[in-house]
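A.B. asks: Can you read through this structure? Questions will come right after.
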Amino acid sequence: MREVTIVEAVRETLAYEMARDERVMVLGEDVGKTGGVFRATDGLYETFGRDRVFDAPLAESAIIGSAIGLAVSGMIPIAEIQFMGFTHNAMNQIAEHLARMRYRSWGSMPLPVTIRTPYGGGVRAPEMHSDAFEAFFTHCPGLKVVAPATPADTKGLLLSAIRDPDPVMVLEPLRGYRLIKGEMPDGEYTVPIGKAHVAREGADCTIIAWSAQVEVAKRAAEEADKQGVSVEVVDLRTLVPMDMETVCESVAKTGRVVVLQEANKTSGFAAEVIASIHEDDDCFYALKAPMVRVCGPDTPYPVQYFEEEYLVTPDKALRAVLKTVNA
Amino acid sequence: MREVTIVEAVRETLAYEMARDERVMVLGEDVGKTGGVFRATDGLYETFGRDRVFDAPLAESAIIGSAIGLAVSGMIPIAEIQFMGFTHNAMNQIAEHLARMRYRSWGSMPLPVTIRTPYGGGVRAPEMHSDAFEAFFTHCPGLKVVAPATPADTKGLLLSAIRDPDPVMVLEPLRGYRLIKGEMPDGEYTVPIGKAHVAREGADCTIIAWSAQVEVAKRAAEEADKQGVSVEVVDLRTLVPMDMETVCESVAKTGRVVVLQEANKTSGFAAEVIASIHEDDDCFYALKAPMVRVCGPDTPYPVQYFEEEYLVTPDKALRAVLKTVNA
Amino acid sequence: MKTMPNQIDFGGVLVDAPPPVQLLDTAGNLRADQPPMTDEQAMEGLRALLLGRRFDELCILLQRRGQMVTLAPGIGQEACTVGSAMALRRDRDWFIPQYREAAGQLYHGLPLVQAFLWHMGSPIGFAIPEGVKMMPFNAGVAGHVPHAVGIAWGLKQQKKDGVTIAHFGDGATSQGDFYEAANLAGVVKAPVILFCQNNEWAISTPRSLQSAAPTLAQKAAAFGIPGIQIDGNDLFAVYEVTRRAVERARAGEGPTLIEALTYRLGIHTTADDASRYEPSHLKEDWKDRDPILRLQRHLERRGTWNANIGEAMEAEVKAQLDAAWADAQASPIPNIGESFTKVFAEMTPRLREQQAQAEGHDA
Amino acid sequence: MKTMPNQIDFGGVLVDAPPPVQLLDTAGNLRADQPPMTDEQAMEGLRALLLGRRFDELCILLQRRGQMVTLAPGIGQEACTVGSAMALRRDRDWFIPQYREAAGQLYHGLPLVQAFLWHMGSPIGFAIPEGVKMMPFNAGVAGHVPHAVGIAWGLKQQKKDGVTIAHFGDGATSQGDFYEAANLAGVVKAPVILFCQNNEWAISTPRSLQSAAPTLAQKAAAFGIPGIQIDGNDLFAVYEVTRRAVERARAGEGPTLIEALTYRLGIHTTADDASRYEPSHLKEDWKDRDPILRLQRHLERRGTWNANIGEAMEAEVKAQLDAAWADAQASPIPNIGESFTKVFAEMTPRLREQQAQAEGHDA
Ligand SMILES: Cc1ncc(C[n+]2csc(CCOP(=O)(O)OP(=O)(O)O)c2C)c(N)n1
Ligand SMILES: Cc1ncc(C[n+]2csc(CCOP(=O)(O)OP(=O)(O)O)c2C)c(N)n1
Ligand SMILES: [Mg+2]
Ligand SMILES: [Mg+2]
């Protein structure tokens, strides 16, 4: 175990799997010599060469579309989209083709494609560079969606994603790339897709979070502790398929739920979390108070002036916790 | 008042507004001579000429992207996307540009653009021609989304959309184009964006629906009547902004909620409806039983063999009503 | 600085687009020293054209009777798909269809029964059999072009000796995916043939409204790859030009864009009504350029074909179609429950639950 | 069939791409009979180049000090944006930027204070003042190209006498939106200039990996419109070729694609580290071709410019920048509450609620 950042976890995992399996290749904008704009592919070009670490033309739809073909031909492509906002440019390939090919071909054409993309804001980036619309990918049947919060989970989930016979979107916490540090196991290490994780135990209220929001949740929990409220934090890790078992266990214990979501509120993934808990009889009857969402407002992601006010903060999360605990 | 179909309502509304305001133009694939693949623009080409009824090259992103420019230049463009599935190809223009331009330009560049598209399945069309991912558009700040269920609402909402200073997605019930008939007022007639409508009064349970699901809801309500259960049907009409007032009034009355959604379940708009009701204190404490979603399964929209089994039927809706009433 | 209809303007340098390649004229005369294939091969090609034609005709009939779903026949365009498929090696080269290529797909190895099942709306029609190098038909215009490029690129990387061909229409050349993929193909020198069937229409939109480019072949200039315009109703021209492009691709020289001039002698799809927009004389004008007639005329002149042989061929094709159609009808109808197993390699908990519901286990 | 580096292959017909248009060589010698503009205009152009250069330099400095957000300077490329803006009429022609065009935007009417506010991350920097024919900068590569085409098309439909110009980079020419929009522009003969600044890099991706097309100008062939390659560090060539394209557009003859050869003498953005990928000699090679130096050399030879005049101009530009920067800093900081009012013309109930929350009314 070593302490690494998220971006180091990504890089080492890619290097590990590329060394192990020569079918694995990386393609995307600027993934080559410069090692990706966040250095997530740093050094791969030098080790594995241009064919397996491919600086693609500036065309997201062609990146995903050709990754589909590469997979059909026998390769295991990992496509990087430089910022999540630009997955919009490839939406047709992702939602209509990548996600549906196994189904369309009635099982005859599985696509082991991984899409990695930095996700969310908080680093004062320009417009379109801070998008968080994971909800949409979770609404595309045929796609799995993971959103790790720690370096270890980043390694474990990325490795699982690459080896998964189906397409997986790996949403990497942009603002955590360098800020979030943590222990990461060496060598073989996978985290199963579809398993949530209790990141912190507590008794009075459950905060459900994923990706960068897990940090926010933990800080809110610490604050809550000082006020005598014991908060459990469930890190979903995987959004599709969601681990209702772990969620319901926590809800059964605390009876109170706060969901954190960086994206703008309306139709975000928090709504699915709430609806899923609501419609699960065991979960529902354990609830002692209405669940609360803490989300970004329904404006576009703002320019840098308002960024901090836009984001979900430990303070906002704490207020929601106290509200539900006192409801 | 005359009885017309949905597609006739669309056509007459377009003709009405184009005659009234010469800035209004229609662009899309095959909207010209052939009058659109559903004949929604039939006759417009002959009346208003090629410039205002423009057969675009087969390029959805250019259709929406150029509509943005047309609006900036002073036109009022109505873009038709031939089937909703192909809005995926224009997602970057819709989500990143059209929806955000007013905000990006800090209010200086409003975009009065209307996007019309047939939405949903049920007509045994090929793959990608039956998509229903309204949820995504409702997650794009800056977009309004309407989904009429009747010819009168189609006219009223389409007219409001064209005149709205902001971009509006008009989702037209594909399978209702010819099947749904109803009275439509002549001349000036608008339905305000953001107002739901109680399509049927009832006392024991509220079904919330939109677009083609309103018909399904009504039929389920009739069946329920026979079994002594009185069902109220709320036709949302507008998804963004959602009319929580009308919804909550109905919930306060019945205390029970079933939401119908044609799209696959996970992260669909029904989740937002449920989360919104759940977090509204007045609504929440009026609930006598957990709310229920009735949705499409989380598979891609199927080939024709399974289409009927995939869709939400009055029978499935009825079962949900009975379940919640007996809960 | 004005360009003439067939001229291309490069910063003031005007270039004439060369005329389309033709090896057989409408009357069936050979316009080359040698035919590009043996008479035997030509007869095999003729039979494939006929099978495609009769398959499409039968399916339209069955569709009108309610036994099939909306479909897009390739009537009049069969030389494009068959001729190009003949230039491939089935065991290693990939044929990536749009939705109008049944003739070529059958030639390349799609079992006839599956083609019927596809048009019946059965999911089994989409399951590509082991060993058949093909993707299922794609209803989204141009979306498959990057797939074809990706496959070709992957084969090259793995040093597998294969090329791919993607078929698409004139309308598809307006889609971002076509351009992005073709540009990428040029960069990686992917062994791919981009085969555009310019049938003059994209539903009701005429070729002239699709692009101001006088030829679609010249779009190749945007990608730094060769582009060539051919007579798409001439099996020999299609075969020979594709064959050369395949050779080029196999030799590592990269992609080629082929624009085949053809015409939709049938219908756009069974859901379309062309009388609303298509000038009736156009179809008439093109009837005489029918690729089947043309090849028959040529082979008749060579003594390889005559009316009797033609009849026998028709009977054989009919018998083959009837047998496959019977098989298709007898094919088991998959259960909706099965569809839940096709989303992922393993069902998620939610899918399992939904499967149980759909199968009525929890009604 | 192999093409030479600058050749285009049309079905076997090989065409040489013409050399880039140049009116001023590196030494400042005029390579034409007449300069395309008066000395007065040229001095105005020089001042605009300088203002753009000093603005960018100042902003980089301020960014390094933490007073500005990530930004993309146009250092070395100013002749492209200023020269093309000089060919427009501010009161009716539209300038549609990507993100690297401050020099041209300032020339076309963007108030300097707003340019500062933009780079400070203030939303006010994005509010286009009444009467300025411009869209706010676009962070999504090529996404604005269809907007420019749409504006041009709309002006034409409304018989308003205006043209539009869209600026974008070499990388942008790989995006579907560029191709789709340019193709549409050809079809509707939109009065638009598609101005590609080929600065040899898209972040770390060299031009050679962006497309196999030997020139980007030849992509015009795909759209049936003229394409022309020019020296982008030559203000005269940029101005003159753009002017002719504008004239053509105004006369109803449709769009032109211009590829300007230039180089990113500065940085990609303040977030990039070019030392990781850029061979250091390249920037050195290009330094002598600096568009400002070149114009100064020319004007010095004509007796219009000398070191003293240059110093005065520098001082004037500096004073202008200092004043505007002071204004920008004094500009009121908008309240987050205001941002809720910019989503729609009227706030929705939910936005009103969220506004109240954000302003702490319901804490
Ligand atoms: C991306 C996309 N947009 C729109 C459609 C609807 N559509 C189906 S076929 C067609 C015309 C296609 O024309 P072309 O590419 O020339 O092929 P053809 O049908 O003539 O073979 C259109 C617009 C679609 N299937 N996909
Ligand atoms: C659609 C999209 N994809 C990716 C990016 C990330 N990105 C920002 S600038 C850039 C390179 C652009 O290169 P080019 O078009 O040549 O313009 P230049 O920066 O050289 O002026 C990339 C990939 C983006 N902004 N938009
Ligand atoms: Mg066609
Ligand atoms: Mg560049």
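A.B. asks: Which order do B:Phe86, B:Phe38 fall in if you start with the one that has the fewest other Cβ atoms within 10 Å?
C.D. replies: Values: B:Phe86 25, B:Phe38 22.
Going from sparsest to densest Cβ surroundings: B:Phe38, B:Phe86.
A.B. asks: Mind ranking D:257-267, D:284-294 by how tightly packed they are, going by the mean number of other C-beta atoms within 10 angstrom, highest first? Provide the component values of the computation, followed by the final result.
C.D. replies: Details: D:257-267: 25.2, D:284-294: 17.1.
For the peptides D:257-267, D:284-294, the packing ranking is D:257-267, D:284-294.
A.B. asks: Find how much the distance from D:Gln320 to D:Asp288 grows on full extension, using 0.36 nm per residue of separation minus their present alpha carbon separation; answer in nm with one decimal. Don't jump to the answer; show the numbers that get you there.
C.D. replies: Numbers: separation 32, 0.36 × 32 = 11.52 nm, distance 2.73 nm.
In short, 8.8 nm is gained.
A.B. asks: Remind me, relative contact order of chain D in percent, using alpha carbon pairs under 8 angstrom and six or more residues apart?
C.D. replies: Details: 648 pairs, mean separation 76.9, N = 363.
Answer for chain D is 21 percent.
A.B. asks: Additional query: Specify the inter-centroid distance of region D:217-292 and region A:237-296, based on alpha-carbon positions, in whole Å.
C.D. replies: If you average the Cα positions of each part, the centres end up 53 Å apart.
A.B. asks: For region C:32-151, calculate the relative contact order in percent as a whole number, restricting contacts to Cα pairs under 8 Å that are 6 or more residues apart.
C.D. replies: Details: 146 pairs, mean separation 29.1, N = 120.
About 24 percent, as a whole number.
A.B. asks: Once label points are set 7 Å from the Cα along Cα→Cβ at both C:His361 and C:Arg302, what is their separation, rounded to one decimal in nm?
C.D. replies: 6.0
A.B. asks: Within 10 Å of each residue's Cβ, count the other Cβ atoms and sort A:Val247, A:Val31, A:Val123, A:Val198 from fewest upward. Intermediate values should be presented prior to the final figure.
C.D. replies: On the way: A:Val247 22, A:Val31 28, A:Val123 19, A:Val198 16.
With the fewest neighbours first, A:Val247, A:Val31, A:Val123, A:Val198 line up as A:Val198, A:Val123, A:Val247, A:Val31.
A.B. asks: Turning to a different aspect of this structure: In debye to the nearest 20, how big a dipole does chain B give about its Cα centre with +1 on each Lys and Arg Cβ and -1 on each Asp and Glu Cβ?
C.D. replies: 100
A.B. asks: Hand me the trypsin sites (Lys or Arg not before Pro) from region D:36-137 located in a DSSP loop with no more than 10 other Cβ atoms within 10 Å, in residue order please.
C.D. replies: Answer in residue order: D:Arg65.
A.B. asks: Okay, moving on. Which one, C:Pro206, C:Gln114, C:Ala312, is farthest towards the positive end of the dipole of chain C when Lys and Arg carry +1 and Asp and Glu -1 on their Cβ?
C.D. replies: The Cα lying farthest towards the positive end belongs to C:Pro206.
A.B. asks: While we're on this one: If packing is taken as the mean number of other Cβ atoms within 10 Å per residue, what is the order of C:326-333, A:303-310, B:5-12, highest first? List each step's numbers first, then the result.
C.D. replies: Working: C:326-333: 13.1, A:303-310: 20.1, B:5-12: 23.5.
Listed from highest to lowest mean packing, they are B:5-12, A:303-310, C:326-333.
A.B. asks: Name the residues whose placed amide hydrogens come within less than 5 Å of the amide hydrogen of D:Glu359, ignoring near sequence neighbours (fewer than 5 apart) on the same chain.
C.D. replies: Counting only residues 5 or more places away or on other chains, the set is empty.
A.B. asks: With the cut-off at 1.5 for a/c, could you classify chain A from its C-alpha gyration tensor as rounded, prolate or oblate?
C.D. replies: Details: a/c = 1.77, a/b = 1.63, b/c = 1.09.
Because a/c hits 1.5 or more and a/b exceeds b/c, chain A counts as prolate.
A.B. asks: Taking only DSSP H segments of four or more residues, each worth -39500 (n - 2.57), what value at 222 nm results for chain B once the sum is divided by all its residues, to the nearest 500 deg cm²/dmol? Write down the numbers at each step before the final one.
C.D. replies: Values: 12 runs with 118 residues, N = 327.
That calculation yields -10500 deg cm²/dmol at 222 nm.
A.B. asks: A further question follows. May I ask which residue of A:Leu111, B:Leu179, B:Ile6 lies farthest towards the positive end of the charge dipole of the protein assembly as shown, with charges of +1 (Lys, Arg) and -1 (Asp, Glu) on Cβ and the Cα centre as origin?
C.D. replies: A:Leu111
A.B. asks: Separate question: Say the dipole of chain D comes from +1 at the beta carbon of Lys and Arg and -1 at that of Asp and Glu; which of D:Val343, D:Phe195, D:Gly76 then lies farthest toward its positive end?
C.D. replies: So the residue furthest toward the plus end is D:Phe195.
A.B. asks: Consider a paramagnetic label point 7 Å from the Cα of C:Asp91 along Cα→Cβ; state which residues of region C:130-156 have an amide N under 14 Å from it.
C.D. replies: Output list for this probe position: C:131-133.
A.B. asks: From the Cα trace of the protein assembly as shown, what convex hull volume per residue do you get, rounded to a whole Å³?
C.D. replies: On the way: hull volume 221.4 nm³, N = 1380.
Hull volume over Cα atoms, normalised by residue count, gives 160 Å³.
A.B. asks: Under 1.5 on a/c is rounded, so check that first for region D:259-359, then, if it is not, pick prolate when a/b is larger than b/c and oblate when it is not; a ≥ b ≥ c are the square roots of the alpha carbon gyration tensor eigenvalues. Write out the running numbers ahead of the final one.
C.D. replies: Working: a/c = 3.43, a/b = 1.93, b/c = 1.78.
It comes out prolate by the Cα gyration axes.
A.B. asks: If I fit a long axis through the Cα atoms of helix C:235-250 and take the longest principal axis of the Cα atoms of chain C, what angle between them do I get, 0 to 90°, rounded to 10?
C.D. replies: 80
A.B. asks: Relative contact order of chain A: what whole-number percent is it, with Cα pairs under 8 angstrom and at least 6 residues apart? Working shown, then result.
C.D. replies: Values: 745 pairs, mean separation 51.6, N = 327.
Relative CO of chain A lands at 16 percent.
A.B. asks: With only Lys, Arg, Asp and Glu charged, each at its Cβ (+1 for the first two, -1 for the last two), find how big the charge dipole of the protein assembly as shown is about the Cα centre; round to the nearest 20 debye.
C.D. replies: On the way: 136 positive and 180 negative charges, 282 e Å.
In debye, rounded to 20, the protein assembly as shown gives about 1360.
A.B. asks: While we're looking at this one, here's another question. Quick one: label points 7 angstrom along Cα→Cβ at A:Lys253, distances to the other copies in nm, smallest first?
C.D. replies: When each copy's label point is compared with this one, the spacings are 4.4 nm.
A.B. asks: I need A:Ser108, A:Ser61 ordered by Cβ neighbour count within 10 Å, fewest first.
C.D. replies: Values: A:Ser108 17, A:Ser61 33.
The fewest-first ordering by Cβ neighbours comes to A:Ser108, A:Ser61.
A.B. asks: Report, in debye and to the nearest 20, how large the dipole of region D:198-255 comes out about its Cα centre when Lys and Arg carry +1 and Asp and Glu carry -1 on their Cβ. Before the final figure, lay out the partial values.
C.D. replies: Details: 6 positive and 6 negative charges, 37 e Å.
Rounded to the nearest 20 debye, it is 180 debye.
A.B. asks: In addition: Need one value for C:247-258: mean number of C-beta atoms belonging to other chains within 10 Å of its residues' C-beta atoms. Before the final figure, lay out each step's value.
C.D. replies: On the way: counts 0, 2, 0, 0, 0, 0, 2, 1, 1, 3, 1, 1.
Mean number of neighbouring Cβ atoms from other chains: 1.
A.B. asks: Continuing with this model, one more query. Which whole number gives the average, over all residues in B:157-167, of C-beta atoms from other chains lying within 10 Å of the residue C-beta?
C.D. replies: Numbers: counts 0, 0, 0, 0, 0, 0, 0, 3, 3, 4, 1.
Counting Cβ atoms of other protein chains within 10 Å of each residue's Cβ and averaging gives 1.
A.B. asks: When a/c is below 1.5 the answer is rounded, else prolate if a/b is larger than b/c, else oblate, so apply that to region D:170-268 with a ≥ b ≥ c taken from the square roots of the Cα gyration tensor eigenvalues. If you can, show how the numbers build up before the last one.
C.D. replies: Numbers: a/c = 2.33, a/b = 1.34, b/c = 1.74.
Judged from the Cα gyration tensor, region D:170-268 comes out oblate (a/c at least 1.5, b/c at or above a/b).
A.B. asks: Follow-up. Please compute, for peptide C:118-128, the average count of beta-carbon atoms on other protein chains lying within 10 Å of each residue's beta-carbon.
C.D. replies: Counting Cβ atoms of other protein chains within 10 Å of each residue's Cβ and averaging gives 5.
A.B. asks: Write down Rg/Rh for region D:18-332, rounded to two decimals, with Rg from the C-alpha atoms and Rh from the Kirkwood relation over Cα pairs.
C.D. replies: Details: Rg = 18.4 Å, Rh = 19.5 Å.
That ratio is 0.94, to two decimals.
Since every read-out is calculated from the coordinates, none of them should be taken as a lab result. Everything numeric here is computed off the predicted structure, so don't read it as measured data. No Cβ is skipped: glycine too gets one built from the backbone with ideal geometry, and neighbour counts run over all protein chains shown.
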